[in-house]
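One structure below.
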Amino acid sequence: MSYGGLTYEAILQRMLDRVTTRVDKREGSVIWDALAPAAVELKLMYIELDRIMDDAFADTAAREVLIRRCAERGITPAAATHAVVLGEFAPTDIDLTGQRFRAPNRNIMFTAVNKIGAGVYELRCETAGVAGSHYLGTVIPAGYIDGLETAELTGVLAPGQDEEDTERLRRRYMDSFNKQAFGGNLKDYTDRAKALGAGAVKVTPVWAGGGTVLLTVLDSEYSPASEYLTDRLQEALDPTGDHTGLGLAPIGHAVTVRAAAAETVDVATELTFAEGHGWASTGPAIRAVLEEYMLELRRDWENQDALTMYGPADNPTTVRISHIDSRILGVAGVLDVKGTRLNGRAANMETDTYAVPVLGDVGGV
């Protein structure tokens, strides 16, 4: 409900209308000076009432109120998580477990937590959130390490996540009225996998016979999950795979966790540029808008069901040439686009049900 029509002027005029005409009601008169401050306070009251009405309903509530409303249904905001990255060090005979390293020119520290090979370690970012996922390269030891020659971060094993944002939390709250997570149903597996670090999950029950469940996952940045992440999910949900319920999966379920496959999309197109522009100047912007399009497709991937009443579904993700052309046309300096081909074909591209599109090469025909 909105009280926007009740302005200060409208409230003051309504109050003055109730005063007898025998009294001077012009601005600056005694009665006007008496009523004007009250009109201001009434307007402020209506503004506050408007805010209270918004907070009374989950679809418009402010974050702090929404969190309290969610708690009534056992829902809490997902906490920020720490990125886990892969580090390679030389020489390989130095034990670096527990050593701390800093990313140059960044206030980000990493701690070596587990040795997984000769000179290869898992490092955990000390700062929770996405920051630890976005740096690869040379790191500097926090203290002197005798004999250490090189220290490089070479890959992301599990991206960090920021605390769950308000709109995603609001959507989870609304969804809780339509789908109940319980005892190994689809929503239960989806919620558990996401709580353990997955960003998107596609659940396929009875995929290899009775009692079998396949979870196909993306990481929190909507890229195919790393082996580290799938192993962590497998260990938590069903470490033995023998229907015994030793993990979070119910007794009788055998769960297999796999990363979604990545299908590369090479884009070739013929562009007409404005004067002073060309591939050299617009190429990075074109690639950026196409990366965003692929990300949108990957974000929507889990909403395409992997199950029908007759078994696993054939439900591909479609990369559309028309969408690619429209996004390229939105780049400054591009006047026209034609002849677009995806992986060498002048047709839309469909991925496998359990695969997501990843942008490959982008260039001219």
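The values are calculated or read from the model by the stated rules, or taken from the named source; none is laboratory data. Please read these numbers as outputs of a predicted model, since none were measured by experiment. Virtual Cβ from ideal backbone geometry, glycine too; neighbours counted across all protein chains shown.
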Residues (over 28 Å from the mean Cα position of the chain (by Cα) and touching a residue at least 12 places away in the same chain (Cβ under 8 Å)) located in segment 251-277: Gly252, His253, Ala254, Ala268, Thr269, Glu270, Leu271, Thr272, Phe273, Ala274, Gly276, His277
When (1) within 30 Å of Leu148 (Cα to Cα); (2) exposed (fewer than 11 other Cβ atoms within 10 Å of the Cβ); (3) of a type outside the set (Ser, Thr, Tyr) are applied to Glu72, the one that fails is (1)
Considering only residues that are part of a strand (DSSP E or B), surrounded by fewer than 17 Cβ atoms within 10 Å (Cβ to Cβ) and either free of Cβ contacts under 8 Å to residues at least 40 places away in the same chain or touching a Leu at 6+ places or on another chain (Cβ under 6 Å) (or both), which ones fall in segment 114-151? Asn114, Lys115, Ile116, Gly117, Val120, Gly137, Thr138, Ile140
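Would you check which residues across segment 297-344 are assigned to a strand (DSSP E or B) and either in contact with a His (Cβ under 9 Å, 6 or more places away or on another chain) or at pLDDT 90 or above (or both) and list them?
Our first condition is that a residue be assigned to a strand (DSSP E or B); within segment 297-344, this holds for 307-308, 311-312, 318-319, 334-342.
Within segment 297-344, Thr318, Val319, Val334, Leu335, Asp336, Val337, Lys338, Gly339, Thr340, Arg341, Leu342 qualify.
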Looking at (1) surrounded by fewer than 18 Cβ atoms within 10 Å (Cβ to Cβ); (2) outside any loop (DSSP other than H, G, I, E, B); (3) touching a Gly at 6+ places or on another chain (Cβ under 9 Å); (4) outside the structural domain of Thr340 (by TED's automatic domain parsing), which one does Ile251 not meet, given that it meets all the others? (2)
Six or more apart or on different chains, Cβ under 9 Å: which pairs go from a residue in segment 60-84 that's without any contact (Cβ under 8 Å) to a residue 12 or more places away in the chain to one that's assigned to a loop (DSSP other than H, G, I, E, B)? Could you list them? Val65/Ala56; Val65/Ala58; Arg68/Ala61; Gly74/Ser176; Thr76/Glu164
Out of (1) surrounded by fewer than 18 Cβ atoms within 10 Å (Cβ to Cβ); (2) closer than 30 Å to Gly132 by Cα; (3) not β-branched (Val, Ile, Thr), the one Ala259 does not meet is (1)
Here the residues within segment 97-113 that are out of contact with any strand residue (DSSP E or B) (no Cβ under 7 Å at 6 or more places or on another chain) and surrounded by 18 or more Cβ atoms within 10 Å (Cβ to Cβ) are Ala103
